[in-house]
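First up is the structure itself, then whatever we jot down about it.
The values are calculated or read from the model by the stated rules, or taken from the named source; none is laboratory data. These figures come from a predicted structure and were not determined experimentally. Virtual Cβ from ideal backbone geometry, glycine too; neighbours counted across all protein chains shown.
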Amino acid sequence: MFKNYFLVAYRNLVRHKGFSFLNIAGLALGLTACLLIGLFVYDELQFDKFLPAGERVYRIYTEQTSKETPETYSPVSPMYATTLKQEFPEVEQTARILMNPTTNLLVVGDKKIYVKDGLLVDSTFFGVFPLAFKYGSAAGALDAPTSIVLTEDVATSFFGPENPVGKEVKIDTTGFVVKGVLRNDLSKFHLKVNYLVPLAAAQLPAARMKRWGWHQFFTYARLRPGADAAQTQAKLQRYIVEQVKPTMKDEEMNDKPFLQPLRDIHLYSATFKYDLTVKGNITYVKALSFIAAFILLIAVFNFVNLATAKSMQRAKEVGIRKTIGASRQQLMLQFLSETVLLTLVSVLLATLLTALLLPALNAFTGKTMTFDLLRNPALLGILVVLTVVVGLLAGFYPALVLSSFQPVKVLKSAVVTDGIFGRVQWLRHGLIVVQFALSVFLIICAIVVFRQVSYLHNKDLGFNREQIMFFPMRGDNMSRHYETFKNELRQVPGVVSASIGYGFPGDQVAGDGIIVPTNGEQKNYGVTQLMVDYDYLNTLGLQLVAGRDFSPDLKTDKDQAFIINETAVKELGFGTPEQALGRIMKWQVWSDQNPDSLKVGKVIGVVKDFHYKSLYDKLEPAVLQIFPPAYWKVAVKLKGDNVGSSVEGVKQVWGRFNPESPIEYRFLDDNFDEMYKAEDKLKTLLWTFTGIAIFVGCLGLFGLATYAAERRKKEIGIRKVLGASVPTIVALLSKEFLLLVLVAAVIAFPAAWLAMSRWLQDFAYRIDMPLWAFGAAGLLAAVVAFLTVGYQAVRAATANPVTNLRAE
């Protein structure tokens, strides 16, 4: 019986090639988009799930409660780990990672390779994160200050396939002994790791490690089995209020700590400040999931629309089958078999398209997703279930309608009147409205995302970021003679200026306190510290709004002068930029020998606000000062079209100061472009899937327009005989569909406004909601619908009326 059903179904699909193509193409495209998005979403949800007992691991983060809008910070004080381990018996183990995003030169014999993502960690790191070793073991791997653990890729690049445990690796000139090699299964680890070095190797002063105000560590806690994370978090918050804040005499303590589950870190940390983890974004994951559901719904709705419309042409078939004894159940099984067969063909085609497109998606997202049905039976099972479920859902209602025809009525005429189908007219119209509402919604979202991303890339940041070459200093010779190095850089043809410091835009900056004497009180404010030289403002093109720049001719500028930005003027209560000049400020000097020393100076200048961080972050008060011990990055401003020769000149100067290490550089504008990679990808994905949604919707609309023209061909013939023009007939056939698109737009507008308003809230600096985008989306949907329907309308209007009138 079932064999006969599928045989008849096959013959029907072959006989009605156009109908079959529209359905198969629509479903296949919809399923392909769903499969690709599904693979991406699944991959995003797998982070840190491979770690044993990962559900007991939490990261400590803080909220700054003193700000009008609380901000969330990933790095915390080193004392959190110490306190949790000593004072909280429910904490089994803690581990800290120093926030140190640098790229180091690793040396083995004559082989020298720059390697980034080296972490300085507590020796307890593997007690919190039990990563798998290929060589060596976690036991004692980080106990000695000279230990190093490599990943498999790094170990192979230096030592080939041999076991490197016990061999030496130098970081710059310091030797380390390899204690272990981690397996290459860290792609779903939220930390970017290429090698691990004990925190003891940094030789951090004990006094600084006891400071609650030094937020420089990512801190993790592994709770004991059965411990309640919510209770531990509340207990920690009480401890900070009751035990820590009263002891903070010179520093303001506005940190409220929280425990973040390990498996939430990747997707739920998008707005965290100074976070160096592999960041995802749950908002984007949810948005893509909704888009996948939208596209699949549109494809399924297409099928229902086309099938119910096609039922007009199969009414006689149903009447004859019923006359010769077919039951309603048999007819439903027949039509459901056709639907399932059509869905099966669509799934097979979607599987092929997914396999072909997945490498391009991997390249675009930087992932290594796989689509291997033989090695992943679960995926194969999902496809089988998808075939059955989509086939039954999409085919149930059309089968119900087709099997309900009364033989007497359908056999009486060659054309079935709409009266029989009046009860499904609302369904077809409703599905068209939903399809185009989703399409208009996606178009608006795509336009808003495109505008915001363009704004991020093109907004005036308050400084000149073009043609600025940017690299870290390396080697003692370069660090000791940085002034000579800088002077030689300025002699290179094409070099306008050069600056050496710590805290360039788009790079690592330091958050620290500044003390401002006010009405006899010493008020402590959190600010961004930018350690600059005398050419910083000139190299970046910063504008002074009051006062003057640092001058090498004034000896007091090094130890007794500060420059602040406009935001600092407001936040520190200085009034106007002119009133800020001469105000006294104090800073606790970064010094290993004398950590309690204060730098006391005056404000000598105010610079116009400039964005040294991404536009996700609000501008913060910034203090610029001369502090050579922190210098480590170089910015070289180039000019002219022949930038390549200037870069070669800079390389030659580098070679004279550090011939042992190759230069590693990038351009400053690349730093900012890197910040918005996620948004760039979202923009591309939105436009791609919006295009697919519109195309799939148009396939269905094209089929319905064909049906409408077929159903009304006699009416069109009569109208033409009576003198109706082609435009009149086109308008007659098109207005019904255009009215549905208008209703769809009205439904989509408020939903898109709400969704995009919430998305824009993530950015401190954002565009105003472009009202024209709503009109443009509605107009685009209407134009696409008109072109789709209009093609069939023109064909019907230009057909010979004699042929149409002879039909009966």
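The rows are residues; the columns are (1) crowded, with 16+ Cβ neighbours inside 10 Å; (2) in the same structural domain as LEU685 (by TED's automatic domain parsing); (3) not charged (D, E, K, R).
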{"site": "GLN231", "(1), (2), (3)": "no, no, yes"}
{"site": "VAL244", "(1), (2), (3)": "yes, no, yes"}
{"site": "THR247", "(1), (2), (3)": "no, no, yes"}
{"site": "ALA287", "(1), (2), (3)": "yes, yes, yes"}
Quiz prompt | Residues being in a loop (DSSP other than H, G, I, E, B) and over 16 Å from ASP609 (Cβ atoms) - total across the range 548-574 | solution = 9
Practice problem: Check PHE421, PHE441, PHE450, PHE396 and return the single one that is at pLDDT 85 or above, part of a helix (DSSP H, G or I), in the same structural domain as GLY697 (by TED's automatic domain parsing) and surrounded by fewer than 21 Cβ atoms within 10 Å (Cβ to Cβ). | Solution: PHE450
Quiz item: Do we have GLY655 as assigned to a loop (DSSP other than H, G, I, E, B), more than 38 Å from the chain's Cα centre (by Cα), farther than 30 Å from ALA363 by Cα and free of Cβ contacts under 8 Å to residues at least 24 places away in the same chain here?
Solution: no
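Residues are listed down the side, and each one gets a yes or a no for (1) over 23 Å from the mean Cα position of the chain (by Cα); (2) within 30 Å of ASN302 (Cβ to Cβ):
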site: PHE21; (1), (2): yes, yes
site: THR32; (1), (2): no, yes
site: PRO52; (1), (2): yes, no
site: TYR73; (1), (2): no, no
Exercise. Give TYR502, TYR455 a once-over and let me know the one that is over 30 Å from TRP759 (Cα atoms), among the aromatic types (Phe, Trp, Tyr) and at pLDDT 85 or above.
Key: TYR502
Exercise. Determine the pairs where a residue that is among the charged types (D, E, K, R), located within the range 197-213, has a partner that is in a loop (DSSP other than H, G, I, E, B) with Cβ atoms under 7 Å apart, the partner being 6 or more residues away or on another chain.
Key: ARG208/TRP214; ARG208/PRO595; ARG211/SER77
Self-check item: Residue tally, condition within 16 Å of ASP512 (Cβ to Cβ) and either assigned to a strand (DSSP E or B) or assigned by TED's automatic domain parsing to the domain that holds GLU71 (or both), over the range 598-638
Solution: 9
Practice problem: For the range 579-596, indicate whether the set of residues that are closer than 22 Å to LYS486 by Cβ, surrounded by fewer than 14 Cβ atoms within 10 Å (Cβ to Cβ) and either touching a Cys at 6+ places or on another chain (Cβ under 8 Å) or in the same structural domain as ASP512 (by TED's automatic domain parsing) (or both) is non-empty. | Solution: no
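Considering only residues that are farther than 22 Å from GLN216 by Cβ and without any contact (Cβ under 8 Å) to a residue 24 or more places away in the chain, look in the range 121-156 and name the one that is surrounded by the fewest Cβ atoms within 10 Å (Cβ to Cβ).
ALA139
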Quiz item: loosely packed, with under 14 Cβ neighbours inside 10 Å and of a type in the set (Val, Ile, Thr) - does that describe any residue in the range 57-74?
Solution: yes
Self-check item: Restricting the range 75-102 to residues that are surrounded by fewer than 20 Cβ atoms within 10 Å (Cβ to Cβ), among the hydrophobic types (A, V, I, L, M, F, W, C) and under 30 Å from the mean Cα position of the chain (by Cα), the residue that is nearest to LEU199 (Cα to Cα)
Solution: LEU98
Quiz item: Would you call GLY503 in contact with a His (Cβ under 9 Å, 6 or more places away or on another chain), within 27 Å of MET473 (Cα to Cα) and assigned by TED's automatic domain parsing to the domain that holds MET473?
Solution: no
Quiz item: Of all the residues that make up the range 103-120, how many are exposed (fewer than 15 other Cβ atoms within 10 Å of the Cβ), among the small types (Gly, Ala, Ser) and touching a residue at least 40 places away in the same chain (Cβ under 8 Å)?
Solution: 0
Quiz item: Restricting to the range 43-66, what's the tally of residues that are modelled with pLDDT under 90 and either among the hydroxyl-bearing types (Ser, Thr, Tyr) or touching a Cys at 6+ places or on another chain (Cβ under 6 Å) (or both)?
Solution: 2
Quiz item: Do we have GLY723 as on the phi > 0 side of the Ramachandran plot and not assigned by TED's automatic domain parsing to the domain that holds TYR616 here?
Solution: yes
Quiz item: From the residues in the range 495-522 that are in contact with a Lys or Arg (Cβ under 6 Å, 6 or more places away or on another chain) and not β-branched (Val, Ile, Thr), which one is surrounded by the fewest Cβ atoms within 10 Å (Cβ to Cβ)?
Solution: SER497
Quiz item: Which one is surrounded by the fewest Cβ atoms within 10 Å (Cβ to Cβ) among residues in the range 157-174 that are part of a strand (DSSP E or B) and under 38 Å from the mean Cα position of the chain (by Cα)?
Solution: THR174
Exercise. Filter the range 67-96 for residues that are assigned to a loop (DSSP other than H, G, I, E, B), in contact with a Leu (Cβ under 9 Å, 6 or more places away or on another chain) and either at pLDDT 95 or above or over 24 Å from ASP512 (Cβ atoms) (or both) and give the result.
Key: PHE88, GLU90
Practice problem: Check LEU357, LEU336, LEU352 and return the single one that is at pLDDT 70 or above, buried (at least 20 other Cβ atoms within 10 Å of the Cβ) and not charged (D, E, K, R). | Solution: LEU336
